[in-house]
Amino acid sequence: MVCAGSIGCLPRICVDYRQRHQGAITRSPGRRHFDIFPQYDSLFAFLDRRPELAGHRPLLFERMAAHLVFCLRRPERVRRADRRAYFRQAAAHYRRHRPPGFAPPPGSGRDLALLARGNYPLFAARETVRRAGGLGRRGVRAARRRLSAGGNRLYYALQRRLPLQPDLAVYAAYWYRAPACNPQAVEAAARRLAPHVRSVWIVRPEAVAALPPGTDHVLPGTRRYWKVLARGTYFVNNVNFPDHLVKRRGQVHVMTHHGTPLKTMGLDQRPYPAARMDFDALLRRASRWDYSVTSNPHSAEVWHRAFPCGYRDLPAGYPRNDRYATAGPEQIAGIRERLGIPEGRTVLLYAPTARDYREGYLPDLDLEAFSSRLGDQYVVLVRTHYFYGRHEGLRELHERGLVRDVSRHPSTEDLCLAADALITDYSSLMFDYACLDRPLVVHAPDWDSYRDARGTYFDLLSGRPGETPGPVTRTVEELVAVFRDGTWRDDRSRALRAAFRERFCPWDDGHAADRVVRAVFLGETPALPPVPRRTAPLLRASAMLPDPHRALGTPLRQPTDGG
């Protein structure tokens, strides 16, 4: 693969590796591991026959040397009785294939120097010292973990023998990151409609400083954490709680989810190569749900197939989208002011999603070219997926003033309210943003790879009403043209967006969180709004976007108290 001029990928599995229950060869010590030597001889013979590939030799040699030392250090591969013989062959390979002028990479110089000299006694002595020190440190850490875990398990078991606290609700979001998303909206509604229910958030230590004043919270692993898991009655999360949570009789779990599914979810992921999960464990977690909050009929259908468990479907709309129906012009203007957006500018929010088929954030859009060609009348906000850390290239563009990196902004809802249009690829944010009835542009340069690796429920790029929310682009030139020629907000764009809203936003009327609270905490059966399309647009972010419905004489509908 290093030497290949190009690499082709097929949308199907070609090799299915099945491991016997006794374990793989990598954990079966024996002389079979000596086969590594003729394999590497074959690799370098391949290079010898192709002089044009000589530039790859140093990298491949360094990989071979590291691989040989790696295997030698592991007793599950090379037995103690075979180590000296293995080392001799490894040293011979090192000397035979070493390219002229090779310099070991930092951190491996001593090991490779001993290999080059064939000095097994010194290598073995260094390994003995290294393993003794490592085992000592690991042993101390393991003992501490066992002691702590044992105490926590005992404390948790004792607390589960005590009565539930009927007024205690435990909230979490995104694996204990911080209060956010649907759980945060549900908690705000519960404070208003069910004030007798006490709220406790589970958050990581690094999120504590940013908590709103007066937020009751616990840190994972503390005594109070185990106590609220044992004694709480209501559990609200947009992802699954950890496996160590034992659901008691009388506890009520509410899964709010955190997006409308375009990509396959749950058991539907099984045929696709990007699926890397324990599906049995996933079903055990889903079996704890009592309620599954659904944002639209499409989501309800998907959840029932992807998570075939005994929960109750709670069609309510998405609580986090309530703000889109209730935010007024003053609030939107305040958000834009806090973001430092000059008056009269058109704001474009670019929010790509994560990729299952590759590691780390790699921009699929040339942001420098895009921003430069648009001109100063536009402000481009960039929000990367929360799975990724900071990206140096994006930071540089931010410092140069070409784009604004808002990846760490605490509220996605604020960013959507501030934006005059959304540019995304396959992010579920498109379904939320559609509630605003503002232009949506799909930039999908790698649609085929994304679809084949993860699977999707419909063809986002088909151009069919109800599937495609607006113009589709594949290159930066096409994306710039969409904004320059007005395609992003023309009649066809509005028609596609209307059909998309009809399918995916039928219940987002500003009262979704209230419906969840009334159903879960108060035992009521809240009524849903009618499913047919709402023809009136919601509030625009800036005066630069003309309102076509005004020209047609359609009144702007304001949300009502009754939903």
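Under the simplified labelling scheme, the Leu158-Arg63 pair shows an inter-label distance of 5.5 nm, with each label point 7 Å from Cα along Cα→Cβ. Maximal additional length on extending the Arg191-Ser411 stretch stands at 77.2 nm, based on 0.36 nm per residue less the C-alpha distance. Mean separation of Cα pairs under 8 Å and 6 or more residues apart, divided by the residue count, gives the chain a relative contact order of 12 percent. Dipole of the chain computed with +1 at Lys/Arg Cβ and -1 at Asp/Glu Cβ about the Cα centre; of Val15, Leu53, Gly30, farthest Cα towards the positive end is Gly30. Where both bridge residues fall in the chain, DSSP classifies roughly 5% of the beta bridges as antiparallel.
Relative intensity of region 443-521 on a log10 scale, I(q)/I(0) at q = 0.11, 0.27 Å⁻¹, equals -0.43, -1.20, per a Debye sum over C-alpha point scatterers of equal strength in the absence of solvent. Among Leu397, Leu522, Leu479, Leu193, sorting on how many other beta-carbon atoms sit within 10 Å of each Cβ, with the fewest leading, yields Leu522, Leu193, Leu397, Leu479. Summing Cβ point charges (Lys, Arg +1; Asp, Glu -1) relative to the Cα centre of the chain gives a dipole of roughly 4020 debye.
Projecting label points 7 angstrom from Cα along Cα→Cβ for Thr326 and Ala103 puts them 6.3 nm apart.
Listed by Cβ neighbour count within 10 Å, with the fewest neighbours leading, Leu282, Leu114 appear as Leu282, Leu114. Using equal-weight Cα scatterers in the Debye expression, the normalised intensity of region 25-118 in log10 at q = 0.13, 0.14, 0.24, 0.25 Å⁻¹ is -0.44, -0.51, -1.29, -1.35.
At full extension, Val2 and Asp376 could sit 130.3 nm farther apart than now, given 0.36 nm per residue minus the alpha carbon distance. The charge dipole of region 240-381, taken about its Cα centre with unit charges on the Cβ of Lys, Arg, Asp and Glu (plus for the first two, minus for the last two), comes to roughly 660 debye. Among Met430, Met277, the order by Cβ neighbours within 10 angstrom, fewest to most, reads Met277, Met430. In region 222-317, taking the dipole from charged Cβ atoms about the Cα centre, the farthest positive-side position among Ser287, Val252, Tyr272 is held by Val252.
Stretching Thr525 away from Asp448 to a fully extended chain increases their span by 23.4 nm, per 0.36 nm per residue minus the current alpha-carbon distance.
Once Rg and the Kirkwood radius are both taken over the C-alpha atoms of region 168-321, their ratio Rg/Rh works out to 0.96. Protection proxy ranking, highest mean first, for peptides 492-504, 417-429, 201-213: 417-429, 492-504, 201-213, where packing is the per-residue count of other beta-carbon atoms within 10 Å, averaged. For region 168-321, a simple Cβ point-charge model (Lys and Arg +1, Asp and Glu -1, everything else neutral) yields a dipole of about 460 debye relative to the Cα centre.
Between Ala209 and Arg49, the C-beta separation translates, for a Förster distance of 51 Å, into a calculated FRET efficiency of about 0.25.
The calculated Kirkwood hydrodynamic radius for the chain is 27.7 Å, given to one decimal from all distinct C-alpha pairs.
Every number here is computed from the coordinates shown, using simple stated rules; none is lab data. This structure is a prediction, so every number in the text was calculated from the model and none was measured. Reconstructed Cβ throughout: ideal geometry from the backbone, glycine too, with neighbour counts over all protein chains shown.
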